[in-house]
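A.B. asks: Provided herewith is a single structure, encoded as structure tokens, for subsequent inquiry.
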Amino acid sequence: MTILNQVLLHQSNRVGADFQAWLGNHGGEALQMALQEPAALIPLIRDAGLRGLGGSGYPTWRKWEFVATRPGTTKYLICNGNEDEPGTFKDRILLEETPYQVIEGATITALATGIDHIVFYINPDQKGSLETMLNAVEEWERSDLYYAACKALNQPLEYWVMASSGHYIGGEETAAIESVEGRFPFPRGKPPYPAESGVHGHPTLINNIETLANVPNIVRNGADWYRRLGRGDACGTKIYCLSGDVLHPGAYELPMGTPLRELIDTYGGGMLLGKELKAVFTGGPSNTILTPQDLDVPLDFDSVQQRRSSLGTGAMIVVSEGTGIVKRVTEYVDFFAASSCGQCPPCKTGTYYISLLLGKIDTGQGSRADLDSLINLCRILPGTGRCHLLDGAVKVLESSLYHFMDEYEEAIKG
């Protein structure tokens, strides 16, 4: 596969974390190729069909082009590894198992866009990731690869490894900019967009760690090779974080477009204790729920979107029959309520009241009026916050009401 050349990522032999071993396994070859013709990099990424793998699915080449065409000699790249959503753990594995490939991908991105500052923005709870990246960057800056990149840019290339705020909201791109500037990660209003005015007012590109890890292999093997890795109309591979009620949870790098049934049954080993599948929370708990009738959906951005859901980060939290959906949704909304930065009144109060009402219903103290209030909040709250946190909380609630209204009805009767 493209990143660690294996299906089950958490069984890596950590070759990618040893600089000399990494160099002996084609490490640095992509950067050397990129140095020959930097102008060809953005068209290459466009032809490969690489999309943002942190959740947005936005075409990567468009973000690169926006920053590349901005005037100015100072530009920033934030390599986003905040990763704080339940069920998502792919970036931690990449940072610890193949740090030099991430650095190489970030450096190639800098060549393509004229960036001279690269920030590795990592969740502080992932101490192993921070330590590994700090050591890797120190060794990288002593290498010939680093000096060759600086020469091509005609200016020094600065790398920073910094801990994010540790807040869930700190992964939002404008909140990440605030953190890098040393402030609390309050999301900013748009416009201006980061490509226009980001860190200290300079053009800024934000890419997810997994997105950057794919770049070296695309450069080395070509756009057609990457496109062929996907299934159907999808391109490349995706790391799916499989957790919950499956026999073999883990992080699996598979062709983009792998069916949900195959992920659960073939790679996940099937349902735990032989139970029946009840639901799957996709992309972490901030998207709509898939049910057994969706088992054959290809797990790519467009196919999942057609099922009124979103691929998101690729996290798949599997729930079996016998698990209460109301209780599970209550836990997830509690997470969002606790994670709200409080900047937007609709988000701060909205997530609080949704959490309060769900708690009442889940414990058998709710009424029909409470359920009606939840339904009404799903109508009035979406789009009223600056970032995706409120919309994510509403989306998972609304989806659970759509698919499992009978459980809510039973809870208020009880």
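A.B. asks: What is the number of the single condition among (1) under 23 Å from H388 (Cα atoms); (2) in contact with a helix residue (DSSP H, G or I) (Cβ under 6 Å, 6 or more places away or on another chain); (3) part of a helix (DSSP H, G or I) that A213 does not meet?
C.D. replies: Going through (1) under 23 Å from H388 (Cα atoms); (2) in contact with a helix residue (DSSP H, G or I) (Cβ under 6 Å, 6 or more places away or on another chain); (3) part of a helix (DSSP H, G or I) one by one, A213 breaks only (1).
A.B. asks: Give me the pairs: first residue in the range 321-348 and closer than 22 Å to M271 by Cα, second residue among the acidic types (D, E), beta-carbon distance under 6 Å, and six or more apart or on different chains, which are they?
C.D. replies: Pairs found: E321/E276; I325/E407; V326/D362; V326/E407; K327/D362.
A.B. asks: Restricting the range 65-95 to residues that are touching a Lys or Arg at 6+ places or on another chain (Cβ under 9 Å) and closer than 17 Å to V119 by Cβ, which is surrounded by the fewest Cβ atoms within 10 Å (Cβ to Cβ)?
C.D. replies: V67
A.B. asks: Condition check: assigned to a loop (DSSP other than H, G, I, E, B) and over 20 Å from C387 (Cβ atoms). Does R188 satisfy that?
C.D. replies: No.
A.B. asks: Same structure, new question: Out of all the residues in the range 172-192, is one or more more than 26 Å from F335 (Cβ to Cβ), at pLDDT 95 or above and among the polar types (S, T, N, Q)?
C.D. replies: no
A.B. asks: For the range 323-333, does any single residue satisfy the condition of being closer than 28 Å to R51 by Cβ and outside the structural domain of D245 (by TED's automatic domain parsing)?
C.D. replies: Here is the first cut: in the range 323-333, the residues closer than 28 Å to R51 by Cβ are 332.
With outside the structural domain of D245 (by TED's automatic domain parsing) added as a condition, the list becomes 332.
The answer is yes, given that some residue of the range 323-333 is closer than 28 Å to R51 by Cβ and outside the structural domain of D245 (by TED's automatic domain parsing).
The rows are residues; the columns are (1) assigned by TED's automatic domain parsing to the domain that holds N25; (2) free of Cβ contacts under 8 Å to residues at least 24 places away in the same chain; (3) of a type in the set (S, T, Y).
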position: Y252; (1), (2), (3): no, no, yes
position: L260; (1), (2), (3): no, no, no
position: G269; (1), (2), (3): no, yes, no
position: N287; (1), (2), (3): no, no, no
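A.B. asks: So L205 ticks every box in (1) assigned to a strand (DSSP E or B); (2) outside the structural domain of G87 (by TED's automatic domain parsing) but one. Which box is left unticked?
C.D. replies: Of everything listed in (1) assigned to a strand (DSSP E or B); (2) outside the structural domain of G87 (by TED's automatic domain parsing), L205 misses just condition (2).
A.B. asks: Among the residues of the range 230-252, write down those that are of a type in the set (A, V, I, L, M) and crowded, with 22+ Cβ neighbours inside 10 Å. Talk me through it step by step, then tell me what you get.
C.D. replies: Filtering the range 230-252 for residues of a type in the set (A, V, I, L, M) gives 234, 239, 242, 246-247, 251.
Answer for the range 230-252, where residues must be of a type in the set (A, V, I, L, M) and crowded, with 22+ Cβ neighbours inside 10 Å: A234, I239, L242, V246, A251.
A.B. asks: Yes or no: the range 88-107 includes at least one residue that is more than 20 Å from Q126 (Cα to Cα) and either out of contact with any Leu (no Cβ under 8 Å at 6 or more places or on another chain) or in the same structural domain as F336 (by TED's automatic domain parsing) (or both).
C.D. replies: no
A.B. asks: Which ranges mark the strands (runs of 3 or more DSSP E) fully within the range 216-307 that have 3 or more residues being more than 25 Å from V326 (Cβ to Cβ) and within 17 Å of the chain's Cα centre (by Cα)?
C.D. replies: Per the criteria, 237-244, 250-255.
A.B. asks: Checking R51 against (1) within 20 Å of the chain's Cα centre (by Cα); (2) over 18 Å from N221 (Cβ atoms); (3) basic (K, R), only one condition comes out false. Which one?
C.D. replies: Only one criterion is unmet by R51, namely (2).
A.B. asks: Mind telling me which of the residues V102, V119 ends up being in contact with a Cys (Cβ under 8 Å, 6 or more places away or on another chain), part of a strand (DSSP E or B), among the aliphatic types (A, V, I, L, M) and surrounded by 20 or more Cβ atoms within 10 Å (Cβ to Cβ)? Let's see the steps before the verdict.
C.D. replies: Working: V102 fails: part of a strand (DSSP E or B).
V119 is the lone residue from the list that is in contact with a Cys (Cβ under 8 Å, 6 or more places away or on another chain), part of a strand (DSSP E or B), among the aliphatic types (A, V, I, L, M) and surrounded by 20 or more Cβ atoms within 10 Å (Cβ to Cβ).
The values are calculated or read from the model by the stated rules, or taken from the named source; none is laboratory data. All of these numbers come straight from a predicted model, not from anything done at the bench. Cβ: placed from backbone, ideal geometry, glycine included. Neighbour counts: every protein chain shown.
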